[in-house]
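Single-structure report; data block below.
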């Protein structure tokens, strides 16, 4: 079955184009090494294996894969540029196999992204994760750099090709891999990410940390980076809001308004407003003060956000673990 149109267009823009960030990074590495870099991802196989992770945006599969290739090329470029001896080790390993081109094979890892040396091909393997990505692709640069350095420091590069099968596309259990130091969860990105490798805002902001800010004036305003948290608060307040029985149309006593974010493509809400309708306080001219404790209780006790700052009219919260729908 042919690749979806969105995937083919993404490949054309993010990979086939010589001016794409991934191709520029590979060319910079080639200039430093003095040898061509041969990288030809099998997009059909990658799509077949990884497409369940990208059901909402198939083109993101290409962006993530090319982002990891770009990060790998940056890491390899840094290693070879910083240590001439390691560059000589790589050239010698290639010469022993009679290779004038450095191959980079793209496979799939069951967990974190990683790279390893394949002595049979005299090249590297780059393993992109089968699990949902939790970090920008640039966050893998320090780990890639450590793995490449470890492989080139070895007198005999570790042979990671044992049991290599494209049909399975998994990391062989018996294959030797270069240890990662430090882990991705403990590292900060060393490079600014390429905007083309990041998911759209409605997907990016589903990942923690979540930030929530409450402000109280004539209305209560809740701003949050996690759209489902705001949707929950809206549904709760609308369900339990009393109606004004003094008016024939029995309007709600508090207007609960969820505002759409100007960013992204899918549904993304960034602001919830609780406000007493003007008709309800027209006689006095002053809006009644809405009670804030119920909002604070829902945010802290029900949604599990932690307060990080507060003053007389504002509260700031943060949550570092993901919230999932039942």
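Pull out all pairs, ordered by first then second residue, where Cβ-Cβ is under 8 Å, the residues are six or more apart or on different chains, the first lies in region 74-85 and is on the phi < 0 side of the Ramachandran plot, and the second is not in a helix (DSSP H, G or I).
From residues that are on the phi < 0 side of the Ramachandran plot, the pairs are 74/191; 75/115; 76/124.
Out of (1) over 15 Å from residue 106 (Cβ atoms); (2) surrounded by 20 or more Cβ atoms within 10 Å (Cβ to Cβ), what's the single condition that is false for residue 25?
With (1) over 15 Å from residue 106 (Cβ atoms); (2) surrounded by 20 or more Cβ atoms within 10 Å (Cβ to Cβ) applied to residue 25, the lone miss is (1).
Is it the case that some residue within region 88-105 is within 17 Å of residue 143 (Cα to Cα), surrounded by fewer than 22 Cβ atoms within 10 Å (Cβ to Cβ), in the same structural domain as residue 27 (by the TED database) and in contact (Cβ under 8 Å) with a residue 60 or more places away in the chain?
No, that holds for no residue.
Residues of region 229-250 being in contact (Cβ under 8 Å) with a residue 40 or more places away in the chain and crowded, with 16+ Cβ neighbours inside 10 Å, which ones?
Correct list: 229, 230, 232, 233.
Could you please give the count of residues in region 44-56 that are touching a helix residue (DSSP H, G or I) at 6+ places or on another chain (Cβ under 9 Å), surrounded by 14 or more Cβ atoms within 10 Å (Cβ to Cβ) and in contact (Cβ under 8 Å) with a residue 12 or more places away in the chain?
4
From the set of residues in region 44-72 that are outside any helix (DSSP H, G or I) and under 15 Å from residue 198 (Cα atoms), which is modelled with the highest pLDDT?
Only one residue tops the list, namely 58.
Being buried (at least 16 other Cβ atoms within 10 Å of the Cβ) and under 22 Å from the mean Cα position of the chain (by Cα) is the requirement here; does residue 41 meet it?
So residue 41 passes the test.
Among the residues of region 305-318 satisfying the criterion of being in contact with a helix residue (DSSP H, G or I) (Cβ under 8 Å, 6 or more places away or on another chain), in contact (Cβ under 8 Å) with a residue 40 or more places away in the chain and assigned to a strand (DSSP E or B), which is surrounded by the most Cβ atoms within 10 Å (Cβ to Cβ)?
Across region 305-318, the extreme among qualifying residues is 317.
I'd like the full set of residues that are under 25 Å from residue 3 (Cα atoms) and assigned to a loop (DSSP other than H, G, I, E, B), limited to region 24-43.
39, 40, 41, 42
For the structure I just gave you, tell me whether residue 194 is at pLDDT below 75 and at negative phi.
no
The values are calculated or read from the model by the stated rules, or taken from the named source; none is laboratory data. The model shown is predicted, which means the values in this text are computed figures rather than measured ones. Every residue, glycine among them, receives a Cβ derived from its backbone with ideal geometry; neighbour counts consider all protein chains shown.
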